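Shown next, in structure tokens, is the structure this report addresses.
The values are calculated or read from the model by the stated rules, or taken from the named source; none is laboratory data. In this text the structure is predicted, and so the values were computed from the model without any measurement. Cβ placement follows ideal geometry from the backbone for every residue including glycine, while neighbour counts extend to all protein chains displayed. The accessibility values were calculated without ligands, DNA or RNA, using every heavy atom of the protein model including side chains. Shrake-Rupley method; radii C 1.70, N 1.55, O 1.52, S 1.80 Å.
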Amino acid sequence: MNDLVVYGPSSRWLASELAQELECDTMMFQTKIFPDGETYVRLPASPSSKDVILLNTFYPNQDRRIVETLLMCDALRRSGVQNITLIVPYLAYARQDKVFLSGEPISLVPIGRALSCLGVNDVIVVEAHSKEALEALGLNVTNVEVRESMLKALEALKIKPDVIVAPDKKAEIRASWLALKLNAELLVFEKSRDRLTGQVSSQPVKEVNVSQKSVLIVDDIISTGGSVANASSFLKKEGALEIRAMCVHALMVGDAESVLFENGVLAVYGSNTVETKFSKYSVVGELSRALKR
Ligand code: R5P
């Protein structure tokens with residue numbers, strides 16, 4: 001087992017929980033931005049171990065986090081580290097997992113290749129957007145699912161929804177698992193997104209009476225909030241009593257919070273794959289189990 005968790009400042013909460021769980025030491029990379037915008041990283045000391053866990057989420061500021069991670073891997077290698085197990089709690093660039101419009105890339109392919117050149121082979125990610133994204137990365141990737149933590153969080157928060165909503169078909173498996181565990185009804189929306197404008201439209205695939213019911217919308221990512229807001233606006237019109245949203249990665253870009261609020265969402269619960277005020281539950285249990293395996 002690796003005995004050192006090295007991490008970037010964007011993953012400090014999770015790093016400390018993980019080190020506690022694994023009973024090992026931590027070391028935070030020093031980082032700064034040069035006046036011209038370039039990224040600088042430095043290990044404050046030589047790692048005592050040849051095997052390390054490098055933890056660095058790819059949000060906020062995805063591009064910077066990715067460059068930072070590549071530089072960190074190089075610095076670790078130069079400091080004598082032989083094996084790096086990379087944990088990327090939020091794997092950015094996963095939504096461009098195919099060529100939707102001609103002339104586009106598959107974004108994780110070059111990122112995976114760069115990591116591979118640095119000798120990184122073992123990567124652990126949390127609830128990657130799709131199987132295609134994981135394949136595109138082209139490394140030995142473990143994709144950790146965190147439904148158990150979602151369920152525990154709902155119990156701890158004393159949230160007992162009558163209806164669980166998947167805002168699109170891709171979110172159905174997670175939502176139906178939660179609905180089964182919570183003995184709630186399941187409602188799935190069909191969503192379409194205009195690839196050029198990003199505009200989202202959605203409607204439920206079947207009729208469900210949500211009047212006076214408490215509803216939880218569950219998705220993998222909340223970015224602009226558009227997908228959840230669409231579903232929520234429909235549910236609100238149908239007379240839902242309380243609407244909340246839960247996700248794994250609460251990116252909450254720009255005015256997402258007010259967009260959701262205006263469309264009737266009372267609260268947003270995200271995990272600590274992205275460290276913000278919306279981080280309401282931890283994925284450390286699943287991550288440490290994946291590492292021990
Ligand atoms: C897309 O298919 C994902 O599962 C999410 O539904 C999407 O990324 C959410 O983005 P936004 O909050 O911008 O609608």
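The set of residues in region 168-189 that are more than 12 Å from the ligand (Cβ to nearest atom) and open to solvent by less than 50 Å² (accessible area, probe 1.4 Å) comprises 176, 178, 179, 182, 184, 186, 187, 188. Collect the residues in region 44-60 that are without any contact (Cβ under 8 Å) to a residue 40 or more places away in the chain and either within 30 Å of residue 223 (Cα to Cα) or crowded, with 19+ Cβ neighbours inside 10 Å (or both), keeping them in residue-number order. The answer is 58, and nothing else. Residues that are in the same structural domain as residue 94 (by TED's automatic domain parsing) and exposed (fewer than 14 other Cβ atoms within 10 Å of the Cβ) within region 133-159 comprise just one, 140. In summary, residue 77 fulfils each of the numbered conditions (1) open to solvent by 50 Å² or more (accessible area, probe 1.4 Å); (2) farther than 22 Å from residue 42 by Cβ with the single exception of condition (2).
Inspection of region 91-108 identifies no residue that is crowded, with 20+ Cβ neighbours inside 10 Å, in a loop (DSSP other than H, G, I, E, B) and over 17 Å from the mean Cα position of the chain (by Cα). Between 64, 12, the distinction of being surrounded by fewer than 16 Cβ atoms within 10 Å (Cβ to Cβ) and among the basic types (Lys, Arg) belongs to 12 only. Scanning region 227-240 for any residue that is assigned by TED's automatic domain parsing to the domain that holds residue 168, surrounded by fewer than 18 Cβ atoms within 10 Å (Cβ to Cβ) and either within 23 Å of residue 148 (Cα to Cα) or within 11 Å of the ligand (Cβ to nearest atom) (or both) turns up nothing.
Residue 192 satisfies every condition listed in (1) more than 15 Å from the ligand (Cβ to nearest atom); (2) more than 13 Å from residue 263 (Cα to Cα); (3) loosely packed, with under 13 Cβ neighbours inside 10 Å except (1). A search for C-beta distances below 7 Å between a residue of region 276-287 that is open to solvent by 40 Å² or more (accessible area, probe 1.4 Å) and any residue that is part of a helix (DSSP H, G or I) and of a type outside the set (Val, Ile, Thr), counting only pairs 6+ apart in sequence or on different chains, returns 280/153. A single member of 218, 253 is within 15 Å of the ligand (Cβ to nearest atom), open to solvent by less than 10 Å² (accessible area, probe 1.4 Å) and assigned by TED's automatic domain parsing to the domain that holds residue 175, and it is 218.
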